[in-house]
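Engineer: Please find one structure pasted underneath; my questions will follow.
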Amino acid sequence: MLAEGPKAKGHIPYRDSKLTRMLQNCLGGNSCTAAIVNISDASAHVDETKNSLRFASFTKKVVNSAKINQAAPSAELLRKYRSEIDSLRTALSKGVQEQRQEILKEYEAEKEAEKEAEVKK
């Protein structure tokens with residue numbers, strides 16, 4: 001649990017809560033993290049305040065190892081994707097033409113069979 005603190009290996013297991021699961025990708029990794037905790041001085045909310053503060057204190061101990069994101073050269077990627085699209089279109093058009101030819105052959109074979117059946121009658 002996150003409330004128990006980080007393990008010796010530096011891995012912080014996330015506790016089973018909806019909030020922590022939603023924030024899991026933001027708590028560590030390549031981001032800056034800020035935690036805002038609402039607390040109350042009412043005696044009815046002591047447990048919730050205590051849990052919130054514990055969560056915030058351990059969230060504060062999360063160490064981020066931020067790295068500069070490397071963007072791929074957009075012009076190069078664009079050329080690559082365009083060539084891939086062109087090759088897929090070519091393959092698709094060849095496949096469609098082959099299907100058309102097969103359908104025409106089947107249609108012609110059916111017409112021939114119908115003509116032969118009429119001649120036999």
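The values are calculated or read from the model by the stated rules, or taken from the named source; none is laboratory data. It should be emphasised that the depicted structure is a prediction, and the values quoted were computed from it without experimental measurement. Note: ideal-geometry Cβ built from the backbone for every residue, glycine included; neighbour counts use all protein chains shown. These area figures cover heavy atoms from the full protein model, side chains too; ligands, DNA and RNA do not enter into them. Shrake-Rupley method; radii C 1.70, N 1.55, O 1.52, S 1.80 Å.
Engineer: Does ARG82 count as at pLDDT 90 or above and surrounded by 10 or more Cβ atoms within 10 Å (Cβ to Cβ)?
Structural biologist: It is true that ARG82 is at pLDDT 90 or above and surrounded by 10 or more Cβ atoms within 10 Å (Cβ to Cβ).
Engineer: Also, I was wondering about something else. Scan the range 98-113 and report the pairs whose first residue is without any contact (Cβ under 8 Å) to a residue 24 or more places away in the chain and surrounded by 10 or more Cβ atoms within 10 Å (Cβ to Cβ) and whose second residue is of a type in the set (Val, Ile, Thr) and not in a helix (DSSP H, G or I), with Cβ atoms within less than 8 Å and a gap of 6+ or a chain change.
Structural biologist: Going by the 8 Å Cβ cut-off, there are no qualifying pairs.
Engineer: Quick one: in the range 29-61, which of the residues that are of a type in the set (D, E, K, R) and either open to solvent by less than 50 Å² (accessible area, probe 1.4 Å) or assigned to a helix (DSSP H, G or I) (or both) is modelled with the lowest pLDDT?
Structural biologist: That would be LYS60.
Engineer: Take the residues of the range 7-28 that are exposed (fewer than 11 other Cβ atoms within 10 Å of the Cβ) and among the charged types (D, E, K, R): which is modelled with the lowest pLDDT?
Structural biologist: For the range 7-28, the residue satisfying everything is LYS7.
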